[in-house]
Every structure is written in structure tokens, then in C-alpha cells.
Amino acid sequence: MRRDFRWLIVAVTGWVLLFFVDQANHLLTEAPQALGWVPRVYLYAAGLPIAFAGLRLTLRQAILAVIALGLAADAGSPVPYGSSLLLYLGALAAIFAFRSRLPPDEIGPATLVAVLTTAALFIGLTAISAAGQPNSFIYFGRAVVDLLASLALVTIAGPWFFSLQVAALELFDIRLDEEIRQAR
Amino acid sequence: VLGIIAAVWLLLPTVVKSLLRISFYEFQAPAELAGSTARDLQSFWSTRVRSRDALFEAGRDQARLFASYELRIQENEHLRNEVARMERLLRLPSHPGFRYEIARVASRDFNAWWQQITIRKGSNHGIEVGCPVIFAGGVVGRVREVHAYTSVVDLISSKNVRLAAFVAGDTRPVSYQGGGDLSFGPARGHAEFIPNDARASSNAPLQLVTSGLGGVFPPGLPIGRLYQVTPGPDGLFQTGLVHLDPRLHSLTEVVVMVAFPEGEQ
């Protein structure tokens with residue numbers, strides 16, 4: 001039997017996305033100093049690969065992809081290791097509960113799912129990070145700015161990212177659209 | 001199924017989690033370093049396209065700077081000898097020595113909840129957890145994690161950074177804690193236990209410096225400025241908001257202070 005590594009392809013493209021988001025965050029830290037009027041923002045786009053895995057892969061493949069993404073996401077951050085993994089698994093469970101009601105191959109609903117997933121993950125991560133910190137309410141203004149910027153990024157990058165995932169899978173002769181058509 | 005996986009993760013021994021964390025970090029580290037090297041390359045090529053006149057001017061300015069630094073080095077050497085002579089005369093314990101490791105910043109990661117930078121040197125250069133990190137403007141932060149070729153530094157604005165400080169020119173200790181990063185304005189911190197007689201204003205701000213207490217940071221390194229102090233809840237001390245150096249947001253190179261092993265200076 002041929003082994004199916006589509007979870008790995010989804011995870012790798014997810015890592016590539018998160019790498020570029022990290023690079024953007026690096027450059028954005030100095031943007032307010034260079035431009036003066038720009039607020040300081042932090043972008044978070046983890047909802048994109050999770051939404052794709054949840055909408056387009058089987059449960060087993062989606063779990064493997066989410067584990068690979070979740071373990072990589074926390075490796076360099078100061079939150080307890082595995083926090084993102086548990087949040088991603090929760091998000092995946094929610095997407096699987098609704099996915100039968102969504103058209104699997106349309107970009108619009110998929111982007112909406114990615115936006116909602118990103119918002120839920122961001123709020124979850126904020127709750128974990130804020131727990132136990134004194135006067136954490138002061139920073140919610142910043143967190144809201146970060147969330148809005150992240151949602152804007154996911155909305156803009158969503159269609160491109162889903163197309164990238166599909167194209168990456170097609171490189172390895174995995175044609176999701178055809179599989180969906182055959183299943184119908 | 002997802003619940004079972006979550007439960008398995010929660011019950012997994014800490015050793016396995018630590019091993020996974022290190023593995024995933026080291027797996028991603030080359031990508032982070034490659035991104036940083038690509039930025040350096042971009043900066044190199046953008047410098048290459050500058051006119052020859054601009055480069056001559058920059059070279060002339062550099063030569064002036066080098067001349068003034070050489071004078072400073074001679075002055076420092078003289079003062080160091082003087083300090084050593086006084087220590088011998090008064091039989092004082094000598095200050096701990098540091099080796100200075102200059103490191104490029106590979107990535108900056110600042111949000112509402114944490115502010116950290118990753119530097120391109122790790123255990124391969126003898127960097128240890130807890131080492132103080134400084135730059136031209138004063139304290140940058142403290143090394144939190146050390147990996148094979150990279151280290152993660154908690155910035156001084158991070159809420160988990162606490163240290164004992166002095167108001168410059170005073171020897172009464174003040175407590176400093178990182179105060180996070182907001183959307184607008186510089187990064188900041190909070191100072192507590194400021195003596196009641198200290199006064200600060202926008203025209204005459206107080207400079208907060210490291211105290212050397214606790215042994216991590218050497219004394220006298222600038223932390224930030226206090227433009228206003230307000231009476232604390234107990235009335236015995238004052239508190240204040242510390243404005244940190246805005247250059248902390250655009251750091252490209254920092255210095256890690258690695259303590260010499262005892263007996264070796």
C-alpha cells in the first residue's frame with residue numbers, strides 16, 4: 001500500500017507560511033520608528049493551515065498535520081509547550097463538526113473558516129499568555145490591534161494560501177478537487 | 001479521537017516534551033538563520049549601489065570615530081589600572097570579569113504578551129542561560145534559552161524580567177519590572193520602591209541604571225528614564241513608568257556578557 005504523506009505537505013507549506021509571517025513580524029517591529037504614525041502590530045496567521053487541514057484532509061491526515069504545526073509553533077515562544085497544539089486540536093474539532101455543511105472546494109467559505117479559526121486561536125493564546133500576569137487588562141488594546149491586523153492578513157492571504165496548498169499537493173500527484181468530484 | 005490525543009499530550013512526561021521542543025526548535029533554527037542572513041545580504045547589496053562619494057564620506061566619519069574610540073580605550077585602560085591599584089591598596093574584592101560576545105539579531109518577536117529576540121550565537125560560543133545582554137543604549141535583556149547556534153533573549157520590556165536598579169547618583173535600591181509593549185509609544189517598564197525624595201519631570205527625568213545587586217548585571221548600565229513619579233499605595237515609596245530606549249525595537253546587533261569562570265579573568 002502506498003503511504004499517504006499529504007499531511008506532511010500541508011505541514012511544510014504551513015511552516016513556510018509561518019516563517020514568512022515571522023519575517024514580517026521582525027520587520028514590523030521597527031516600522032513605527034521608521035514611519036512614525038504606524039501602530040506596532042504583531043501578525044498571527046496560524047488559522048490558515050489549520051482551516052485547510054480541517055476542511056480538505058481526512059481526520060487522520062488533519063491530526064498529523066496539526067500535531068506537526070502545533071509542536072513547531074510553540075518551540076520558540078515562552079508559552080507552556082503544547083499550548084498551541086491543544087488549541088489547534090480544539091479548532092480542528094470545531095471545524096470537523098461543521099465541515100459537512102460547508103462546500104469543500106470553495107475559497108470564500110474556506111477563508112471565512114480561516115478567519116474565525118485565527119480569531120479563536122488568537123483569543124485562546126491571549127488567554128494563556130495573560131493568565132497570571134498582573135495588570136494584563138492594560139495590554140488588551142494592543143491585543144485587539146494585533147487581532148484586527150491578523151484577521152486582515154488572513155482575509156487577504158487566505159485565497160492565495162489555499163491555492164498554494166492545492167498546488168503543492170498537485171506537485172505530488174494528489175488532486176483534491178478530483179477526489180471530491182469522485183466522492184460525489 | 002482529538003480528546004484522547006489531548007489527554008495523551010497532557011500526560012506525556014516532561015522529558016519527552018522538552019525533547020520534542022528542542023528538536024522542533026533546532027529543526028526550525030536554520031530557516032530563521034537563513035532569513036537573517038538573507039536580510040544581511042540585502043543590506044550588503046543596498047550598500048553596494050551607493051555612490052562612491054557617499055562611501056568615502058562614510059569611511060571618513062568611521063575614521064574619526066575610530067580615532068575617538070582609540071582615545072577612549074587608552075583612557076579606559078588607565079582607569080582600569082587605577083581601579084585595580086585601589087582594590088589592591090584597600091583589599092577590596094574585585095568585580096567579576098566579563099567576556100563580550102557580539103551577536104547579530106536573527107529575529108525580533110514583540111507582541112502584547114512577550115518581547116524576545118533570537119541572536120545568532122548559542123552554546124557554540126559559550127553563551128549561558130541568564131547572561132546579561134546589552135547594546136549602545138544600555139540593557140537589552142537576559143538570555144532565556146540557549147540552543148546550539150542561537151539564543152533567545154527576553155527583552156527588558158518583558159513582564160518576566162525583574163531586576164534591582166538605582167536612580168543614577170543614588171545608592172538606594174529600586175525594583176524594576178518590564179511593562180510590556182503597547183501599539184503606540186516606546187516600550188516601557190515599571191519602577192517601584194523609589195525613594196520619596198526623588199523628583200522627576202519631563203525637563204529633568206531620572207535615569208534608572210542597574211545596581212549590580214543580584215550579580216547578573218554589572219552596575220551602572222542604563223535601563224531607561226522616569227519622567228514622572230507618583231506616591232505608592234503605602235505612602236513610603238514612589239512608583240513610576242520607565243520609558244525604555246526606542247532603539248530596542250530595531251536592534252540588529254547586541255553584546256552578550258559572558259562571565260569568566262571563577263578565578264579566571
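The values are calculated or read from the model by the stated rules, or taken from the named source; none is laboratory data. None of these values were measured; they are calculated from a predicted model. Note that each Cβ is placed from the backbone with ideal geometry, even for glycine, and that neighbours are counted across all protein chains shown. Note: areas computed on protein heavy atoms with side chains; ligands, DNA, RNA excluded. Shrake-Rupley method; radii C 1.70, N 1.55, O 1.52, S 1.80 Å.
Just a few scattered comments:
- Backbone N within the range B:179-221 under 15 Å of label point (7 Å from residue B:128 Cα along the Cβ vector): B:215-218
- Convex hull volume per residue in cubic angstrom - Cα atoms of the range A:40-184: 117 Å³
- Both the radius of gyration and Dmax for the range B:2-110 are 25.4, 71 Å, in that order, over alpha-carbon atoms.
- Mean projected area (nm²) of the alpha-carbon convex hull when the range B:194-256 is viewed from all directions: 5.7 nm²
- Backbone HN-Hα couplings from phi across the range B:181-190 [Karplus 6.51/-1.76/1.60, Hz, Gly and Pro as x]: 9, 9, 5, 10, x, x, 5, 8, x, 10
- Inter-probe distance in nm under a simple model that places probes 7 Å from Cα toward Cβ, at residue B:54 and residue A:120: 5.0 nm
- Charged neighbours of residue B:154, selected by a Cβ distance under 14 Å, balance to +2 (K, R count +1; D, E count -1).
- Distance from the range B:1-34 to the range B:213-229 (C-alpha centre basis), Å: 37 Å
- Summed residue charge, Cβ within 14 Å of residue A:170's Cβ, Lys/Arg positive, Asp/Glu negative: -2
- Compactness of chain B was expressed as the Cα radius of gyration divided by 2.2 N^0.38 Å, which yields 1.20.
- Interface size, chains A and B: roughly 4000 Å² of accessible area buried, both sides included, 1.4 Å probe, rounded to the nearest 100.
- Charge tally in the Cβ shell below 10 Å around residue B:113, where Lys, Arg are +1 and Asp, Glu are -1, residue B:113 excluded: 0
- Using C-alpha pairs under 8 Å with a sequence gap of at least 6, the mean separation divided by the residue count of the range B:61-165 gives a relative contact order of 18 percent.
- Simple spin-label estimate for residue B:26 and residue A:105 gives 4.4 nm between the two label positions (7 Å along the Cα-to-Cβ direction from each Cα).
- Taking the inverse of the mean reciprocal distance over all distinct Cα pairs, the Kirkwood hydrodynamic radius of the range B:47-171 comes to 18.2 Å.
- Rounded to the nearest 0.05, the FRET efficiency derived from the C-beta distance between residue B:204 and residue B:82 at R0 = 30 Å is 0.45.
- The heavy atoms of residue B:1 offer some 110 square angstrom of accessible surface to a 1.4 angstrom probe.
- Mean ellipticity per residue at 222 nm, deg cm²/dmol - from DSSP H runs of n ≥ 4 across chain A, formula -39500 (n - 2.57): -24500 deg cm²/dmol
- Span-like helix ranges in chain A, DSSP H, alpha carbon extent 15 angstrom or more, Kyte mean at least -0.5: A:6-28, A:59-74, A:83-98, A:107-130, A:140-171
- With only the Cα atoms considered, the protein assembly as shown has a convex hull volume of 201 Å³ per residue.
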